[in-house]
Amino acid sequence: MLSYTEARQKVIEIAGSIPRPLQRTQVEIEEAFGRILAEPVLSDRDYPPFDRSTRDGFAVRAADAQVPGARLECVGELRAGGTFDATVLPGQCVEIMTGAAMPRGADAVVMIEHIKREGTMITLERAAESGDHIVARGSEARTGSLLVAPKTRMGYAEMALAAQAGATRLEVFSSTRLAILSSGDEVVNARSKPGPLQVRNSNGISVEILARTAGAETIQLGNAPDENMALRAAIEHGLEADILVLSGGVSMGKYDLVEQVLADLGAEFYFTGVSIRPGRPAVFGTCRNKLVFGLPGNPVSTMVTFELFVLPAVDVFNGGNPRPVPVFRAKLATPVREKGPMTHFLPSKIEWEGREARVTPLPWQGSGDIVALALANGFLIVAPDRPEIAPAEWVDVLPRRGAI
């Protein structure tokens, strides 16, 4: 049985091998968050477009400010966006604000904290050197230089950079279409009142949100009963999308029919189980040149396996590079002892004491316990070769997306 890292790599490999032309579309910059850029964003001018002061203070000639105690005459004021038409002459200075363009003749800024002022005269308490507290024109970017490269996922910094360059309409790759199908006779719509032996379809909601935040366009197919023909019809509908994600029906029970129905439709499977808990029965394959994921029906299993396996497939199909699993290290607060030669993902609370992260596994009732997961902001990862861990040892943790 594959480890989760091997299974994840297999998903990335197969997703990258599917021949599918990447469609493009144009969006307004406000709609570009999370989208994958298809064309480069270039600098429309030098940035900054002028020598810019980074401090409130006085623009001076460094030659006049080589020693503390130098006295200069203030001959004007410059605010951000303002102009000073004269040239700063020997023995002169100009009061300047953060973000303002340096006046001609000045080549340094003395911070306001380091001067004494008497009328129009200032006395320097510190010496200055040429270039002090100045960002030179073009030092951030030159006209025509690459600001944001194709295949970049647009975040707030990239969007701000594009806006700065006037690129307010962006060419991006079209979002992957991801169909969501739950299965099980016991599952009813989340808006329905369940019978005494039924459960509401929480997986449809969680998978839809996970898929949207991953950058996919979602198609909600609802729930299919544990019956071959109905399940087959729902799966065939789902195969009209780029990726089909099913939850439930992938274990070893008599009425777990997903694998059999997919096999009847000609699916090729690359794994039908992964050495993890929760999420061991996870299935991945292709059918009719589409990616198909069969995720376990227990809600925590569904969420964990989506994060590990479906997310990188969406990244690849969206035209980007798969995001790495954002694992980091934390100190364990309480002892852990797990069974079974597999990787465990335990719902946990991650907190910080100064710069040090600490993680505490939460009590939970197994992979159906959404209550515990909602209280957690991440997962403690227990490796198969280290099932017992003492307090204060360093461990791997995975943040729950959106909770940290």
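Starting from residues that are closer than 20 Å to Pro312 by Cα and not in a loop (DSSP other than H, G, I, E, B), keep the ones in segment 25-48 and report whichever is nearest to the chain's Cα centre (by Cα).
The first filter runs over segment 25-48 and keeps only residues closer than 20 Å to Pro312 by Cα, leaving 32-38.
If we keep only those that are not in a loop (DSSP other than H, G, I, E, B) too, we end up with 36-37.
Numbers: Ile36: 12, Leu37: 15 Å.
Checked segment 25-48; the qualifying residue nearest to the chain's Cα centre (by Cα) is Ile36.
Scanning segment 225-241 for residues that are touching a strand residue (DSSP E or B) at 6+ places or on another chain (Cβ under 9 Å), surrounded by fewer than 17 Cβ atoms within 10 Å (Cβ to Cβ) and of a type in the set (Asp, Glu) yields one hit, Glu240.
Within segment 365-404, being in a strand (DSSP E or B) and among the β-branched types (Val, Ile, Thr) holds for Ile381, Val382, Ile389, Val395, Val397.
Of all residues in segment 49-64, count the ones that are assigned to a loop (DSSP other than H, G, I, E, B), of a type outside the set (Asp, Glu) and within 17 Å of Ala127 (Cα to Cα).
The first filter runs over segment 49-64 and keeps only residues assigned to a loop (DSSP other than H, G, I, E, B), leaving 49-51, 54-56, 61.
Adding the requirement that they be of a type outside the set (Asp, Glu) leaves 49-50, 54-55, 61.
After this cut, where a residue has to be within 17 Å of Ala127 (Cα to Cα) as well, the list is 55, 61.
Selection size over segment 49-64: 2.
Somewhere in segment 26-38, is a residue on the phi > 0 side of the Ramachandran plot and at pLDDT 95 or above? No; the residues of segment 26-38 include none that is on the phi > 0 side of the Ramachandran plot and at pLDDT 95 or above.
Considering Pro322, Pro335, Pro347, the condition of being within 29 Å of Ile36 (Cα to Cα) and outside the structural domain of Arg212 (by TED's automatic domain parsing) is satisfied by Pro322 alone. In segment 90-127, which residue that is of a type in the set (A, V, I, L, M) and closer than 10 Å to Leu72 by Cα is surrounded by the fewest Cβ atoms within 10 Å (Cβ to Cβ)? This residue is Met121. The criterion of being crowded, with 16+ Cβ neighbours inside 10 Å, part of a helix (DSSP H, G or I) and of a type in the set (A, V, I, L, M) does not hold for Val245.
Checking each residue of segment 210-224 against the condition of being of a type in the set (Ser, Thr, Tyr), surrounded by 15 or more Cβ atoms within 10 Å (Cβ to Cβ), assigned to a helix (DSSP H, G or I) and at pLDDT below 95 gives no match.
For the structure I just gave you, tell me whether Gln164 is farther than 30 Å from Ser247 by Cα and surrounded by fewer than 17 Cβ atoms within 10 Å (Cβ to Cβ). It is true that Gln164 is farther than 30 Å from Ser247 by Cα and surrounded by fewer than 17 Cβ atoms within 10 Å (Cβ to Cβ).
Of all residues assigned to segment 144-161, none qualifies as being closer than 13 Å to Val41 by Cα, in contact with an Asp or Glu (Cβ under 7 Å, 6 or more places away or on another chain), at pLDDT 95 or above and among the charged types (D, E, K, R).
Kindly state which strands (runs of 3 or more DSSP E) lie completely within segment 96-205 and contain at least 1 residues that are touching a residue at least 60 places away in the same chain (Cβ under 8 Å) and of a type outside the set (S, T, N, Q). Spell out how you get there, then give the answer.
Working: elements: 108-111, 115-118, 121-124, 146-148, 169-173, 177-183.
So the answer is 121-124, 146-148, 169-173, 177-183.
The values are calculated or read from the model by the stated rules, or taken from the named source; none is laboratory data. All of these numbers come straight from a predicted model, not from anything done at the bench. Cβ: placed from backbone, ideal geometry, glycine included. Neighbour counts: every protein chain shown.
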